[in-house]
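Report on the following structure.
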Amino acid sequence: LECELDIDLRANQCQKCGEFKLYEYQIQGAEFVERAIASGTGGGIFDEMGLGKTVQSLAYLKFHPEAAPVLFIVKSKIKLQWAKEIYRWLGIKHFPQIITSSTDAIIPGMKSYIIAFDMLVGRAKTTFDKELGCKVKVPGGFPAEKLSFIKTVVIDEVQQIKNTDSDRTKRVLKVCEGKTVIALSATPWKNRGGEFFTVLNLLAPAKFSSYQGFLDNWVDFYFDGAYTKQGGLKKHRIEEFKEYIKDVVIRREVTDVDVEFPSVNRTIQLTELDALELKAYEHETSEFVKWYTDKIVNGEEDSFEASANILARLARMRHITGLAKIPATLE
């Protein structure tokens, strides 16, 4: 903060400028990431939702300029939310380029870049190769080689790469090769313990080098009458497992931190309309403007019919934006 912090009833807010500082447990989380990166290839913050994983990762980046340029891999619906937080906590110098197309040109010299998981994968394309003289299948998504200059990768909702065989996981791992990784997740792996391996191997490959070894040591299996199925982590070894990974990941729940949170926590998330919804919304807006302009020209804007139509047309526009919010709400 640029002004001296005056403590008020909210222990982390300044009375003069209204800005916030980190809670003590968030500072400890940033320091944990610092230690994890110093001793390995990365660190994970798996705090319960609402404890501020985003700001803890940004706090580390704020005091480690050598970590830039940074790539943030996030869900497509919250790209703008991440851009806002990066700007708020790291300033204008870190204002990110948001990659929205597989053909986007990388703006050189920037400190932050944002890309969605889905943008890394994309759809495979068929193109004609002049040298081979035939059609070849080219993987879709943003080319990983364009991101080779990145030094640090922040993966939000890292449970998105729990499946080792999925194209999404393979592309994310390709981007992360040789880079420092900060993994964020509020969703612990409970049902299938083996899904924990991918991120642990990414953060600490020396400790977690073998998938089969991980299954043998830490994961339960059970027989359902027909097949042997994978369960969660071995219950009798959970405390031992926590001790084993304590230098790789950190997880706290609300009850673990000495902070009195408000009973209701409201978070505003920005949601983008997809191309089809945006086209429909712009068409409806254009029709509304044209219709209302005609009413004004004819002096009919105050008529009962015009008033009723305004409400109906606005309701249609609200309906379109309401439908657009459904996928983000489900996420």
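The single condition from (1) open to solvent by 70 Å² or more (accessible area, probe 1.4 Å); (2) without any contact (Cβ under 8 Å) to a residue 60 or more places away in the chain that Gly194 fails is (1). Applying the condition of being open to solvent by 50 Å² or more (accessible area, probe 1.4 Å) and in a strand (DSSP E or B) to the stretch 123-146 and asking which residue is modelled with the highest pLDDT yields Cys134.
Residues that are open to solvent by less than 40 Å² (accessible area, probe 1.4 Å), assigned to a strand (DSSP E or B) and touching a residue at least 24 places away in the same chain (Cβ under 8 Å): does the stretch 81-95 have at least one? Among the residues of the stretch 81-95, not one is open to solvent by less than 40 Å² (accessible area, probe 1.4 Å), assigned to a strand (DSSP E or B) and touching a residue at least 24 places away in the same chain (Cβ under 8 Å), which makes the answer no. Yes or no: the stretch 51-68 includes at least one residue that is of a type in the set (D, E, K, R) and not in a helix (DSSP H, G or I). Within the stretch 51-68 (the criterion being of a type in the set (D, E, K, R) and not in a helix (DSSP H, G or I)), the answer is no, since none of the residues qualifies.
Residues that are without any contact (Cβ under 8 Å) to a residue 12 or more places away in the chain and surrounded by 17 or more Cβ atoms within 10 Å (Cβ to Cβ) within the stretch 96-122 are absent altogether.
Residues in the stretch 30-44: is at least one modelled with pLDDT under 80, of a type in the set (Asp, Glu) and surrounded by fewer than 18 Cβ atoms within 10 Å (Cβ to Cβ)? Scanning the stretch 30-44 turns up no residue that is modelled with pLDDT under 80, of a type in the set (Asp, Glu) and surrounded by fewer than 18 Cβ atoms within 10 Å (Cβ to Cβ).
Here the helices (runs of 4 or more DSSP H) wholly within the stretch 223-331 that include at least 3 residues being acidic (Asp, Glu) and surrounded by 12 or more Cβ atoms within 10 Å (Cβ to Cβ) are 275-297.
The values are calculated or read from the model by the stated rules, or taken from the named source; none is laboratory data. Quick caveat: nothing in here was measured; it's all calculated off a predicted structure. Glycine gets a Cβ as well: all are built from the backbone with ideal geometry, and neighbour counts include every protein chain shown. Areas reflect the complete protein model, heavy atoms only, side chains present, ligands, DNA and RNA absent. Shrake-Rupley method; radii C 1.70, N 1.55, O 1.52, S 1.80 Å.
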